[in-house]
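The values are calculated or read from the model by the stated rules, or taken from the named source; none is laboratory data. In this text the structure is predicted, and so the values were computed from the model without any measurement. So basically every Cβ, Gly included, is an ideal-geometry build from the backbone, and we count neighbours across all protein chains shown.
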Amino acid sequence: MQAGDIFIIPGNTIHRAFPDQQYPITSTAIFFSPLLIHSPLLKHSFTYLKLIDLCKKHKTYRYSLDLTVLQEIEEYIDKMKDEDHQANHDSQELIIHWLHIILVYLNRNCLIDRESVKNPQFEPEWIRTTLQYIDQNLNNKLELDFLANHAAVSPSHLSRVFKQLIGISVTDYITTKRIIKVKELLWNTKDKVNVIAEQCGFQSMPYFYRTFKKHTGLTPKEYRKIAP
């Protein structure tokens, strides 16, 4: 590894690094969920992940960028770090915005097969409509069979393609989106916890408490106390 190298590591890729004692290098790693990339407002939001798909396909993970591009990416990484330390009420949104910008820079400068991005056909329309439906109906029961019927595909096909494109299962996606909504309501409203849980689609309070603690490491009451 040389100073300035960028490594794109797809999820579930086993890897390790051996530091060179004579030439120490400070590195920065950004881990993110595909949930942060999808936006129902963008027709082909998964274009952001095309580079990661190609890294997985060609087993090419190391890239070197022009100095100007590298400096711009480093500036955005510094901004993300500073914003995380400031912990403003809108810091999360700004950090995700800068993550999108970094991925655009990487796509433009590292892509192996640029033609595949000009006509991105790897995101079926029914996936986009399913994601939109889930986002707009988190308070409702969202069972796999119902979602598959809504998308006009089989449940097994929906599960397979969803996991392939989103990176997690349908159930995990729904649960994560619900927890995100719960966190927003805990910070921005004074509603009781059980009311918020029900609004976000959690029918069982014991299950809700276990799931929230698993995702945040805190109880809903503890999480509400740290609101800015």
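Observations, loosely collected:
- Candidate set: region 59-82, residues that are at pLDDT 90 or above and of a type in the set (Asp, Glu); chosen: the one surrounded by the most Cβ atoms within 10 Å (Cβ to Cβ): Glu72
- The residue that is farthest from the chain's Cα centre (by Cα), counting only those in region 1-23 that are part of a loop (DSSP other than H, G, I, E, B) and within 11 Å of Tyr61 (Cα to Cα), is His15.
- Selected residue (criterion: surrounded by the most Cβ atoms within 10 Å (Cβ to Cβ)) from residues of region 172-226 that are outside any helix (DSSP H, G or I) and among the hydrophobic types (A, V, I, L, M, F, W, C): Phe202
- Filtering Leu158, Leu147, Leu186 for residues that are modelled with pLDDT of 90 or more and farther than 28 Å from Lys50 by Cα leaves a single hit, Leu186.
- Pairs meeting the criteria (first residue in region 168-184 and in the same structural domain as Phe212 (by TED's automatic domain parsing) and free of Cβ contacts under 8 Å to residues at least 40 places away in the same chain, second residue surrounded by 18 or more Cβ atoms within 10 Å (Cβ to Cβ) and part of a helix (DSSP H, G or I), beta carbons under 6 Å, at least 6 apart or on different chains) are Val170/Phe162; Val182/Ile196.
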